[in-house]
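Comments concern the structure below.
None of the figures in this text is laboratory data; all of them are computed from the coordinates on show. Owing to the predicted nature of the structure, the values given are computational and were not obtained by experimental measurement. So basically every Cβ, Gly included, is an ideal-geometry build from the backbone, and we count neighbours across all protein chains shown.
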Amino acid sequence: MAESGLKNRSRTDVALRLHRLVLDHLGTGILLVACRDQSIVQTDDRADAMFGYKPGELVGRPVSVLRAEDDRNPSRPAPAIAATLSEALERDGTWSGDCHSVRKDRTTFWTRLAIFGFDHPEFGEVWVNVQADVTRQREVERKLYRHDSMFRALAEASRATITVTDSDGFIYANPRFEELTGYTQAEIMALRVDSLVVPESKEMIANQAKARIRGEPAPSHFVIPIINRAGERRWLEAAATLTELDGRTVTLSTAVDITERERALVALKRSREGLRNLAVELQRVREEERSAISRKVHDQLGQALAALKMDVTMLATALPAAATEMRSRAATMTEFLGNTIQMVRNLSAELRYGMFDELNLTDAIEEVVADVATRAGLDHEVDLPAPSPSLSSRQRSAVLRTLQEALTNAMCHGHGTRLRVALRVTDQTVVLEVSDDGRGIASDAMTSPTSLGLIGMRERALSLGGTVTLLGRDGVGTTVTLTLPRGDDGG
């Protein structure tokens with residue numbers, strides 16, 4: 001019997017020691033308060049240290065000495081507090097809450113208090129007070145609450161949309177997002193994150209989200225089109241980042257409505273395309289007119305002048321030898337007609353690029369370059385592929401017209417001594433390069449709105465999906481490079 005009692009007491013001591021170890025680990029202090037008069041009858045070392053007293057110094061004192069005065073809620077008398085606690089303990093078996101407490105040195109702090117009743121063999125009915133210092137925790141909570149309140153105030157006043165989402169859907173959406181989408185807060189919370197995204201962008205947005213979660217590179221800023229409740233397409237310029245919320249990873253997104261800007265850009269793009277198509281059509285009409293004029297000048301005016309020259313020569317031959325003055329005038333007229341015929345030929349040559357249709361591309365390029373070089377007195381070099389490449393009519397026209405404009409600029413403004421023309425054709429691109437060793441085009445002339453020839457080159461290339469670049473340096477010269485994509489251009 002005695003042995004059984006020792007074993008039971010031993011088990012009880014072990015349980016008490018384990019209980020003490022648990023409480024020590026939790027960092028809590030324990031006070032026993034007598035229910036009869038709310039006096040402290042026992043404390044542990046942690047409670048004494050928490051309140052700044054020596055071991056045993058609190059015993060016999062009323063528990064109210066540990067409560068701080070609160071100007072907003074003055075301390076109630078001990079009997080009132082006891083009655084409230086008794087009611088709570090009788091109803092729930094326990095009571096817990098935060099209390100504003102005071103140390104021996106009168107500094108205040110916050111404790112989180114749990115109380116339950118216990119019938120102590122020595123002190124009778126007591127309240128067991130388990131207390132923990134939560135001052136720092138409350139300060140953190142206060143700051144978090146302040147930050148949360150600030151965030152909500154900013155979010156609700158913002159003209160940008162702000163959302164917080166996770167893999168399950170929306171967690172938060174500010175009023176601007178409601179206004180933009182046409183859905184209420186409750187409706188938004190029931191939506192899938194991608195339900196507002198237009199179908200053609202869903203995969204892109206999903207891939208970006210997955211990459212962001214995996215820590216892989218993903219654009220933090222992007223434009224996303226959505227469909228609102230009314231079925232209207234809106235464009236958002238969005239930014240997204242990952243953050244932690246309540247221990248889980250969420251996506252914080254902000255966006256501004258750029259619908260009007262996108263519509264203006266679309267209208268501007270269409271306007272530019274229309275102007276470009278108009279420029280191409282005007283260029284085509286111009287080339288047809290130039291070809292027609294060239295043929296008339298060459299075939300009609302040139303032949304008429306040649307016939308007139310022959311008639312004058314015949315008349316001069318028929319004049320008697322004594323008519324020296326008339327013979328001299330006839331010779332002058334013959335020379336003048338010869339010069340005029342040469343001017344007509346030059347004019348026809350400048351207009352006749354559309355007349356090279358019967359030649360292959362490389363032969364046409366060689367003839368154009370040789371003609372300009374001869375008239376301007378320039379040395380020239382050509383680097384052309386063999387055999388001559390087969391291009392569409394529009395690509396061929398773009399190459400020859402760009403060549404014409406580049407050679408004209410070199411002849412009129414370059415003041416160089418040498419021309420070089422190269423054509424490179426691959427399965428993907430057509431590249432024409434025209435360079436001279438003159439003074440080099442000025443940088444302001446490259447972008448001047450009055451440089452109509454350069455504008456025409458660029459617009460012609462753009463209409464075929466290509467580009468024209470210019471590089472000019474004083475003493476080195478100017479290089480014009482036309483790059484066109486190879487393939488069917490509808491020409």
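Counting every other Cβ atom within 10 Å of each residue's Cβ, Asp383, Asp427 order from fewest to most as Asp427, Asp383.
In this label model, Leu308 and Phe118 are separated by 13.1 nm, measuring between points 7 Å along each Cα→Cβ vector. Between His415 and Glu287, what FRET efficiency comes out of the Förster formula 1/(1 + (r/R0)^6) with R0 = 22 Å and r the beta carbon distance, rounded to 0.05? The computed FRET efficiency comes out at 0.20. Taking a ≥ b ≥ c as the square roots of the eigenvalues of the alpha carbon gyration tensor, the stretch 196-273 is prolate, as a/c is not under 1.5 and a/b beats b/c. Full extension of the segment from Asp168 to Ser149, taken as 0.36 nm per residue of separation minus the current Cα-Cα distance, would add 4.4 nm.
Using the basic label-point model (7 angstrom from Cα toward the beta carbon), what is the Gln137 to Glu90 distance in nanometres? The modelled label-to-label distance comes out at 3.0 nm. The lysines within cross-link reach of Lys309, meaning a Cα-to-Cα straight distance under 22 Å and a gap of 8 or more places when in the same chain, are Lys296.
The modelled label-to-label distance between Asn360 and Asp379, using points 7 Å beyond Cα along the C-beta direction, is 2.9 nm. Listed by chain and number, the lysines whose C-alpha is less than 29 Å from the C-alpha of Lys269, apart from same-chain residues fewer than 8 away, are Lys202. What is the stretch 141-257 by shape, rounded, prolate or oblate, if you read a ≥ b ≥ c off the alpha carbon gyration tensor as root eigenvalues and call it rounded for a/c under 1.5, prolate for a/b larger than b/c, and oblate otherwise? Since a/c reaches 1.5 but b/c is at least a/b, the shape of the stretch 141-257 is classed as oblate. For the pair Glu367 and Gln300, a Förster radius of 25 Å applied to the C-beta separation gives a FRET efficiency near 0.65, rounded to the nearest 0.05.
The length gained on full extension between Lys269 and Val476, counted as 0.36 nm times the residue separation minus their Cα-Cα distance, comes to 70.8 nm. The distance linking the stretch 231-264 with the stretch 453-485 is 40 Å (Cα centroid to Cα centroid, whole angstrom). Using only alpha-carbon positions in the stretch 279-438, the gyration tensor eigenvalues give semi-axes of 39, 18, 13 Å once each is multiplied by 5 and square-rooted (largest first). For the stretch 360-491, the spherically averaged projection of the C-alpha convex hull amounts to 7.4 nm². Length gained on full extension, Thr467 to Ala318: 47.5 nm, using 0.36 nm per residue less the C-alpha separation. Under the rule a/c < 1.5 gives rounded, and otherwise a/b versus b/c splits prolate from oblate, where does the stretch 269-358 land using the Cα gyration tensor? It comes out prolate by the Cα gyration axes.
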